[in-house]
Amino acid sequence: MKPFAYVRATSLREAAAAHARHPGARYLAGGTNLVDLMKLGVEEPRALIDLSRLPLHEVRELPDGTLSIGATARNSDVAAHPAVRARYPALAQALLAGASGQLRNIATTGGNLLQRTRCPYFQDVSTPCNKREPGTGCAARDGIHRDHAVLGHSAHCIATHPSDMAVALAVFDAAVELYGDQGTRTVPVTEFHRLPGDRPEQDTVLRGGEIVTAVLLPAAAPGAVSLYRKARDRASYAFALASVAAVLQLEDGRVRRVALAFGGLAHRPWRATTAEALLTGAEPTEAALREAVDAELAHALPLRDNAFKVGLAANLARDALATLTRRAAGHAP
Ligand code: SF4
């Protein structure tokens, strides 16, 4: 590991100023991904600016019903928070499906959003990787890519985003609150992560030096039910081959509102807008659910070794929506 400066920030302003003073600096919170990448030589920051002592660890209910989750709130604390469990159960389930108990106890909300892909070539500095070193190529495209993207990938990168939490946030229409030298702004979580295009080195729309300060969850709709389902190679401590988060609200037996998002399939959580448009206002019959999910996954462009993900994701989504339909109608717990 290369030597680096260390700054323990006591305010957002101080953190941003330190970032500006140290080109190539990285913000540090739980460190569960960044420190691993430093050990691998993937990240070689000249300075670490520690945000962990900033007062950003609280989960707060705002007067308008928004739930504000501070950027340094630990994944385990968010998953166990009574308001999250009661009103955003898919978020609690997604957090508990991620990593291990030990990691969730130190990993933060902001860090979960900003974690990097686990593409093995990205983590191996001896191989070409456009995300790690732009212009060198993509070793995964003709290499081992069973775990890689089937939606929204490009000739430059076929990586997936590893977060479970971000997939659940996508169906709750969450926003990411950011602090930077031009003040505070919020970005819908569905627009926070990028598709790779020809700039796969940019995972998000963060501007230089900006700090994630909170995730904002709008008030949950009355009667809406939600869940998160994840398929993986092991029962725990594994990233998603495919996952799905869904929120459903029925009215008079028809879909008043549905939100559906896939994880493990793309460079960002994939909000299934085609399926949502087909289901909104419709009776959620088995045939309607199948048609909507199939229409969404018709966008898929599977690679040589990962076509199985399309069928896996379809089964997860149909089952999740059918389960929520029974729950919303009061026929299942
Ligand atoms: Fe790098 Fe993306 Fe290709 Fe993986 S898929 S080797 S992260 S460019």
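Considering the range 60-75 alone, what residues qualify as being open to solvent by less than 30 Å² (accessible area, probe 1.4 Å) and either more than 13 Å from L216 (Cβ to Cβ) or touching a helix residue (DSSP H, G or I) at 6+ places or on another chain (Cβ under 8 Å) (or both)? Within the range 60-75, L67, I69, G70, A71, T72, A73, N75 qualify. Of the residues contained in the range 4-13, one or more are found to be in contact with a His (Cβ under 8 Å, 6 or more places away or on another chain) and either touching a residue at least 24 places away in the same chain (Cβ under 8 Å) or not acidic (D, E) (or both). Can you tell me how many residues in the range 181-233 are outside any loop (DSSP other than H, G, I, E, B) and among the acidic types (D, E)? The qualifying residues number 1. Here the condition is being at pLDDT 95 or above, more than 15 Å from the chain's Cα centre (by Cα) and more than 12 Å from the ligand (Cβ to nearest atom); of P128, P89, it holds for P89 alone.
Looking at G135, G101, G110, which is the one that is more than 8 Å from the ligand (Cβ to nearest atom) and crowded, with 19+ Cβ neighbours inside 10 Å? Testing whether each residue is more than 8 Å from the ligand (Cβ to nearest atom) and crowded, with 19+ Cβ neighbours inside 10 Å leaves just G110. Using the structure shown, decide if L96 is open to solvent by less than 60 Å² (accessible area, probe 1.4 Å) and away from the ligand (no atom under 16 Å from the Cβ). The answer is no for L96. When each of A175, A220, A224 is tested for being touching a Lys or Arg at 6+ places or on another chain (Cβ under 6 Å), open to solvent by 10 Å² or more (accessible area, probe 1.4 Å) and under 24 Å from E61 (Cα atoms), the lone residue that passes is A220.
The values are calculated or read from the model by the stated rules, or taken from the named source; none is laboratory data. Values in this document were obtained by computation on a predicted structure and should not be read as measured data. Glycine gets a Cβ as well: all are built from the backbone with ideal geometry, and neighbour counts include every protein chain shown. Accessible surface areas use protein heavy atoms only, side chains included; no ligands, DNA or RNA. Shrake-Rupley method; radii C 1.70, N 1.55, O 1.52, S 1.80 Å.
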